[in-house]
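So the structure is just underneath, and the comments pick up after that.
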Amino acid sequence: MKTVTTDNIILTIRGLIKDDLKSTGNDSYIYDSSSVFTLSEDHVQESGMKVYQNGSELTVTTEWTYNSDTNQVTVIKSLTKNDVILITYSFYCKYSDTEIKSYIRANLVRFTQYRYSKHFYIDEYDEVVTMDGVNPTVQEGNIIALISAIDIDPQNVETRVVGLFSSTAVESMSKQEQIGDVFTQWLTNYGIVDFLEVE
């Protein structure tokens with residue numbers, strides 16, 4: 001059986017709210033006196049980040065570090081005035097993983113509110129699990145992603161549960177009503193969740 005992780009759920013949410021990874025982060029600086037460089041984009045992914053000094057790639061951890069709290073790269077290697085520092089990276093435009101995890105954590109309470117038989121929570125490893133330590137099923141992971149996506153961006157999510165129901169963001173429906181509609185139909189029918197692209 002496939003294991004559903006928090007990272008899987010986050011990727012599904014990003015797909016639903018159209019917050020795909022951009023690989024176009026590219027900042028350049030001329031070194032003067034500070035070897036700390038603030039990146040121009042937020043929600044940066046450290047994996048895949050590269051730092052160059054005058055065209056030569058530097059080695060992470062020994063020649064440079066990245067601090068996600070401050071969104072700054074610190075070059076540890078000795079620099080000379082007017083050195084050109086180029087930093088390339090990928091980033092998300094809308095939300096950080098931490099922000100999305102906060103939405104997931106808040107929306108896990110809804111399963112209890114709708115009297116679902118399993119109690120989900122995020123454990124010390126940042127994984128969504130049940131009280132007995134079991135990860136959610138694929139279907140449960142999709143529902144967690146769907147209600148979290150509606151909570152984040154209620155007017156831009158469209159889904160259907162194959163053969164059972166469809167749900168489209170409707171301006172006249174509140175966020176609570178949309179989430180309630182998804183829960184009611186899912187709990188009634190236990191369908192297979194299939195996500196649609198919104199043009």
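Condition check: farther than 22 Å from residue 24 by Cα and either hydroxyl-bearing (Ser, Thr, Tyr) or touching a residue at least 60 places away in the same chain (Cβ under 8 Å) (or both). Does residue 88 satisfy that? Here the answer is no, as residue 88 does not meet what is asked. Comparison of 79, 86 shows that the only residue that is hydrophobic (A, V, I, L, M, F, W, C), in a loop (DSSP other than H, G, I, E, B) and farther than 30 Å from residue 104 by Cβ is 79. When restricted to residues that are among the hydrophobic types (A, V, I, L, M, F, W, C) and either modelled with pLDDT of 85 or more or in contact with a Ser or Thr (Cβ under 7 Å, 6 or more places away or on another chain) (or both), the range 135-183 contains 11.
Pairs are defined by a Cβ separation below 8 Å, a sequence spacing of at least 6 or placement on different chains, a first member in the range 1-20 that is at pLDDT 90 or above, and a second member that is loosely packed, with under 14 Cβ neighbours inside 10 Å and acidic (Asp, Glu); the pairs so defined are 14/20.
Taken as a whole, the condition of being in contact with a helix residue (DSSP H, G or I) (Cβ under 7 Å, 6 or more places away or on another chain) and among the aliphatic types (A, V, I, L, M) does not apply to residue 30.
The values are calculated or read from the model by the stated rules, or taken from the named source; none is laboratory data. What you see is a predicted model, and the numbers here were worked out from it, not measured in a lab. Neighbour counts run over all protein chains shown; Cβ positions are idealised from the backbone, glycine included.
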